[in-house]
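Structure record follows, encoded as C-alpha cells.
The values are calculated or read from the model by the stated rules, or taken from the named source; none is laboratory data. Just so you know, these numbers come straight off a predicted model, no measurement behind them. Surface accessibility is based on the protein's heavy atoms, side chains included, excluding ligands, DNA and RNA. Shrake-Rupley method; radii C 1.70, N 1.55, O 1.52, S 1.80 Å.
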Amino acid sequence: ARVDVDPAAIAVMGYSEGGNIALWSAIEEPGYRAVVLLSPAAMPTSTRFRLRQAAEEDRLGRVRAPVFLAVGAHDFPPIRAAAEEALIPNFRKIDPRFRGRADYPGDHNWFLKVREEFWNDVANFLREHLR
C-alpha cells in the first residue's frame, strides 16, 4: 500500500530457518518477483513447515517467482540432503529460471557474513529478476 514501493518488484530472502520460512512464504504467496534461499534450515522439530515437505514437487510448483538457492559444501547433512535430493532436482524440473549451488566453500554459519563468493551470485540474480 506504500506509494514508494512497487508491489510487482518485491523479493523475499532468508537464511537458515528464515530461508525455510521464505520458501514456505513463496509457496503460499504467489506475488513475489524473486526468492533467495541461503542454507534453508530443515527445522526437524516443526510439525508443519519442514524443508522436506516444502521441497515436494507439487508444493514447489506453486512458487511463481524464480528461485536462487545457496548451500555450503559442509552444511548440515539434513540441509544438504534436502537440497541435493529434492530442492535442486525438483526446481530444475519446474522452472528453468532456477539457480542453485550446493558447493559454496563453507558450512551453515559461513552464510552469516556477506561473502563475495555467494553475494555476487545473489546480487546478479536479483538484478536479473528485479528489473
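Roughly how far apart, in whole Å, are the Cα centres of region 103-125 and region 1-79?
Their Cα centres are 16 Å away from one another.
Need one number: the % of Cα-Cα pairs in the chain sitting beyond the 21 Å mark.
On the way: 2916 of 8515 pairs.
Here the long-distance tail beyond 21 Å is 34 percent of all Cα pairs in the chain.
Mind grabbing the base-10 log of I(q)/I(0) for region 1-56 at q = 0.13, 0.15, 0.23, 0.29 Å⁻¹? Debye formula, identical points on the C-alpha positions, no solvent, two decimal places.
-0.35, -0.44, -0.83, -1.13
Tell me the per residue accessible area of the chain using a 1.4 Å probe; a whole number in Å² is fine.
Working: 7110 Å² over 131 residues.
Per residue, the chain has an accessible area of 54 Å².
Which number do you get for Rg(Cα) / (2.2 N^0.38 Å) in region 68-131? It would help to have the intermediate numbers written out before the result.
Working: Rg = 12.1 Å, N = 64, 2.2 N^0.38 = 10.7 Å.
Here the answer is 1.13, to two decimals.
Compute the whole-percent fraction of alpha carbon pairs in region 27-69 spaced more than 14 Å apart.
Details: 476 of 903 pairs.
Above the 14 Å cut-off, region 27-69 has 53 percent of its Cα pairs.
Could you pull the accessible area for ILE27 with a 1.4 Å probe, rounded to 10 Å²?
The value for ILE27 is about 10 Å².
Cα atoms only, region 45-94: Rg and Dmax in Å?
Considering region 45-94 through its Cα atoms, Rg and Dmax are 11.0, 30 Å.
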